[in-house]
Amino acid sequence: MADVQRHVARFTHGSRIPGWDRAADLEKEPAVVPDAATTEVPGELRAAIEDAVRRFPVGDSAFIPALYAVQAQYGWCSPEGIEQAAAVLGRTPAALTAVATFYDMFEMEPLGRKSVYVCTNISCSLVGADQLLAALEEELGEDPDVNLRGFECLGACDIAPMASVDGVYVGPIELGEVPELANQIRQGDDPLPAKQLIRRPCADPKVAEQ
Ligand code: FES
């Protein structure tokens, strides 16, 4: 019973949504749509955003892929990148910033380009997520290329404790595998290939046959 009642830390590791604790600047001029004719936009960023608009033509549904494109271009959602995306989309930078600050996966400050999210939510916590995060911090905490952090449930509780390495879901990760995983992250290698969610056979026999 004591085991069941033990304290499980929640909402720690800086995993809350950024920006909500910052007051709005009431003195600021109203936002305007940047001039598409005079705003310089890198070619690959423009192409990625225009492709997103083709795929998500309704309303503001291209905002999220556009923000991902900005993050891929600059390593974070920089004000310059948001201004450029706003020019291509014909919307204000404020509209894009509102979306970027709502979602936890968009970085509003420059951080390491390799994103390693360790899930520290309930299912993962119960099987050692905190120890996993601590072990990875010990290995990678000083690496400026790596944005390592705890995260709320990543939706892969069946492979707990797990992490997302640049979007690749890996788990269950054993503490003994952390040095190997850290090395793969440093080198840009495939993370723990045998533990990747995408390589698991599907329970649906029709899908498994394909
Ligand atoms: S609790 Fe970790 S993936 Fe859901």
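The values are calculated or read from the model by the stated rules, or taken from the named source; none is laboratory data. Keep in mind it's a predicted model, so treat the numbers as computed, not measured. All Cβ positions, glycine included, derive from the backbone under ideal geometry; neighbour counts span all protein chains shown.
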Please count how many residues of the stretch 104-144 are within 21 Å of GLU80 (Cα to Cα) and loosely packed, with under 14 Cβ neighbours inside 10 Å.
2
Kindly indicate whether any position in the stretch 202-210 is over 20 Å from LYS114 (Cα atoms), within 16 Å of the ligand (Cβ to nearest atom), over 17 Å from the mean Cα position of the chain (by Cα) and without any contact (Cβ under 8 Å) to a residue 24 or more places away in the chain.
no
Could you check the stretch 101-159 and list, in sequence order, the residues that are among the β-branched types (Val, Ile, Thr), more than 16 Å from the ligand (Cβ to nearest atom) and not assigned by TED's automatic domain parsing to the domain that holds TYR74?
VAL146
On the basis of being of a type outside the set (Gly, Ala, Ser) and either at pLDDT 90 or above or not in a loop (DSSP other than H, G, I, E, B) (or both), does ILE82 make the cut?
yes
Sort out which residues of the stretch 172-191 are surrounded by 13 or more Cβ atoms within 10 Å (Cβ to Cβ), free of Cβ contacts under 8 Å to residues at least 40 places away in the same chain and closer than 12 Å to LEU132 by Cβ, and write them in order of number.
GLU174, GLU177
Does the stretch 67-76 include one or more residues that are within 14 Å of the ligand (Cβ to nearest atom) and either outside the structural domain of ALA23 (by TED's automatic domain parsing) or assigned to a loop (DSSP other than H, G, I, E, B) (or both)?
no
Pair list, Cβ < 8 Å and 6+ apart or interchain, from the stretch 94-123 residues that are among the basic types (Lys, Arg) to residues that are within 16 Å of the ligand (Cβ to nearest atom)
LYS114/VAL165
